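In what follows, a structure is listed as structure tokens, so that the remarks can point back to it.
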Amino acid sequence: MSSKDRILGRIRRALRDDAPAAPIPRDYLPVHGARTPAERVDLLAAHLAEYRAVVHRTDEEALPALLTRLLAERGARSVLVPPGLPAHWLPAQGPARVPDRAEDTPYRLDRVDSVVSGCALAVAETGTIVLDGGPDQGRRRITLIPDHHICVVRVPGQVVDSVPQALPLLDPARPLTWISGPSATSDIELDRVEGVHGPRTLEVVLVGPQ
């Protein structure tokens with residue numbers, strides 16, 4: 001029997017319906033250290049900034065003005081809007097609103113300047129934002145194709161410490177997108193290139209008590 005035959009045999013045995021499932025060890029730490037809600041938010045902000053996301057902090061009342069300013073500074077003439085995004089977040093006199101529509105092509109979405117969305121939650125220890133396609137987030141593609149994404153995180157309520165804490169709060173049947181900073185990749189010489197697999201610019205707005 002060749003090495004190939006042995007490998008394929010193991011795969012076939014593992015794929016059998018009656019094969020017993022291997023136990024998954026769960027003895028890892030669910031969180032690394034104890035934090036107050038404020039410390040959790042600070043850690044999230046630090047990691048987001050480390051990943052080259054632009055972090056802003058504001059309260060609910062000042063959020064519309066901040067979003068208006070960020071879109072103006074970007075020079076955005078159009079902004080993608082998920083169906084459940086609170087209407088008061090974006091003023092009527094701002095950039096043209098583009099609804100999230102199933103018939104839109106990637107080429108049309110690529111012509112939109114910016115997208116504003118909410119999120120499902122954020123993970124402080126990894127600086128990660130999770131989208132699950134909820135009403136204030138829209139379809140996955142609208143936060144991947146435009147080059148500029150503004151994501152609003154309600155703090156401290158939507159922030160958890162760790163990935164093990166996040167997973168039980170998420171529905172695995174939903175389209176989960178895990179975002180840690182703007183899209184980036186690098187070649188064998190470690191030359192960083194941004195915007196290849198998603199938005200080149202990620203701005204995160206942490207909304208909560210100031």
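The values are calculated or read from the model by the stated rules, or taken from the named source; none is laboratory data. Fair warning: this is a prediction, and the values are worked out from it, not measured in the lab. Virtual Cβ from ideal backbone geometry, glycine too; neighbours counted across all protein chains shown. Each accessible area value is taken on the protein alone, full model and side chains, heavy atoms only, with ligands, DNA and RNA left out. Shrake-Rupley method; radii C 1.70, N 1.55, O 1.52, S 1.80 Å.
Solvent-accessible surface of protein heavy atoms, probed at 1.4 angstrom with all chains present, puts His148, His197 in the order His197, His148, largest first. Taken over region 1-102, the percentage of Cα pairs per 10 Å bin, counting from 0 up to the bin with the maximum distance, is 10, 21, 20, 13, 18, 15, 3, 0.
For the chain, the carbon plus sulfur part of the accessible surface works out to 56%, probe radius 1.4 Å.
Each Lys or Arg adds one and each Asp or Glu takes one away; over the other residues whose Cβ falls under 15 Å from the Cβ of Val115, this sums to +3. Take the Cα of Ala21, step 7 Å toward its Cβ, do the same at Arg141, and the gap between the two points is 3.3 nm. Bridge orientation summary for region 139-210: considering DSSP beta bridges with both residues in this region, about 30 percent are antiparallel. Counting heavy atoms of the protein chains alone, Leu202 has an accessible area of about 10 Å² for a 1.4 Å probe. Here the calculated FRET efficiency for Arg13 and Leu167, from their Cβ-Cβ distance with R0 = 41 Å, stands at 0.90, rounded to the nearest 0.05. Once both labels are positioned 7 Å from their Cα atoms along Cα-to-Cβ, the gap between Asp110 and Val196 label points is 1.7 nm. Between region 100-114 and region 33-71, the C-alpha centres lie 27 angstrom from each other. Residues of region 148-180 with backbone nitrogen within less than 15 Å of a virtual label 7 Å along the Cα-to-Cβ line of Leu29, please, listed as ranges. Answer for this model: 161-165.
Counting only alpha carbon atoms, the long axis of helix 63-74 and the longest principal axis of the chain meet at about 90°.
Think of a 1.4 Å ball rolled over the protein heavy atoms: the chain then has 57 Å² of accessible area per residue. In the chain, taking the dipole from charged Cβ atoms about the Cα centre, the farthest positive-side position among Gly33, Leu202, Pro106 is held by Pro106. Restricting the GluC sites (Glu not before Pro) of region 44-152 to loop positions (DSSP other than H, G, I, E, B) with no more than 12 neighbouring Cβ atoms within 10 Å leaves Glu61, Glu103. In the set (1) 20.4, 57; (2) 20.4, 73; (3) 16.0, 48, the label that goes with Rg and Dmax of the Cα atoms in Å computed for this structure is (2). Beta bridges assigned by DSSP with both partners in the chain are antiparallel in approximately 30 percent of cases.
Net charge in the neighbourhood of Asp104 (other residues with Cβ under 11 Å of its Cβ; Lys, Arg +1, Asp, Glu -1) is +2. Restricting region 12-65 to trypsin sites (Lys or Arg not before Pro) that sit in a DSSP loop and have at most 14 other Cβ atoms within 10 Å of their own Cβ leaves Arg16, Arg26, Arg52.
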